[in-house]
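The values are calculated or read from the model by the stated rules, or taken from the named source; none is laboratory data. Source: prediction; values computed, not measured. Heads up, the Cβs are rebuilt from the backbone with ideal geometry, glycines too, and the neighbour counts pull from every protein chain shown.
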Amino acid sequence: MSLLGCFDRFKSWYEDGVRQAAMNAMRGLARTRVTPNQLTAVGVTLCAVSAVLAYFEYRNEILFFWTGAGVFVLGSILDILDGALARAGGKTTPFGAFLDSTTDRVSEVFMLGAIALIEARNGNTVSLAFTVAAIAGSFLVSYTRAKAEILGLRGNMGIGSRAERVALITTGLVLAPWGALSIVIYVLAAMAWITVLQRIFAVRSQLRERAAQQPSSE
């Protein structure tokens, strides 16, 4: 088995574990009046607040970068728990799933947008360009998965899904006072675009397998 295949198996294992743990944690909350959409709204709001906090890093790098990182993680966790709450309480709806998927993208872009403004303020045009590339890659990672699933194919493979990107962004914020944010952004952009390519090739492979399995018309 290839290294990427091993990574995909490990990723599926820990994602299933996290999903099950989240559902177990949400069973108590599912009996309350709290709705998944309310958790979604709180999560995206916290991510917006975290972006504002990070932007003011010039006043106190450690205070604002670290506080922004903490709020960003909390908001991202709520973005995971809203789906778990919906499943645990039998509150899944098509609109809720649509809203959750949409706000996931918005939450990440809030922080990446703040980082882009920071790099522009610091005159780091190379890092600014990579941040824009990371934003585009982030959207394409989500788009390729959605398009694959519309075609009835698996589209969640790759090294840079949202959980990995959130972890990487948080690491960059924590280490930003020591100049590591730009390096993390370079890695993040590369990871996102590699994932896009992985999903394109995986979809092509799945479509070829589907065509090969179809009976001949002769």
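Of the residues making up the stretch 31-41, those that are surrounded by fewer than 17 Cβ atoms within 10 Å (Cβ to Cβ) and either charged (D, E, K, R) or in a helix (DSSP H, G or I) (or both) are Arg31, Arg33, Gln38, Ala41.
Being within 26 Å of Ile185 (Cβ to Cβ) and in contact with a Gly (Cβ under 8 Å, 6 or more places away or on another chain) holds for only one residue in Ile169, Ile115, and it is Ile115. Criterion applied to Thr67, Thr45 was being farther than 20 Å from Thr171 by Cα, out of contact with any Cys (no Cβ under 8 Å at 6 or more places or on another chain) and modelled with pLDDT of 85 or more, and the one residue passing it is Thr45. When only residues in the stretch 118-171 that are under 23 Å from Val73 (Cβ atoms) and among the aromatic types (Phe, Trp, Tyr) count, which is farthest from the chain's Cα centre (by Cα)? Selected residue: Phe130.
Taking the stretch 145-199 as the range and being among the polar types (S, T, N, Q) and over 24 Å from Leu63 (Cβ atoms) as the test, the residues that pass are Asn156, Ser161, Thr195, Gln198. Scanning the stretch 100-144 for residues that are among the charged types (D, E, K, R) and surrounded by 15 or more Cβ atoms within 10 Å (Cβ to Cβ) turns up Asp100, Asp104, Arg105, Glu108, Glu119.
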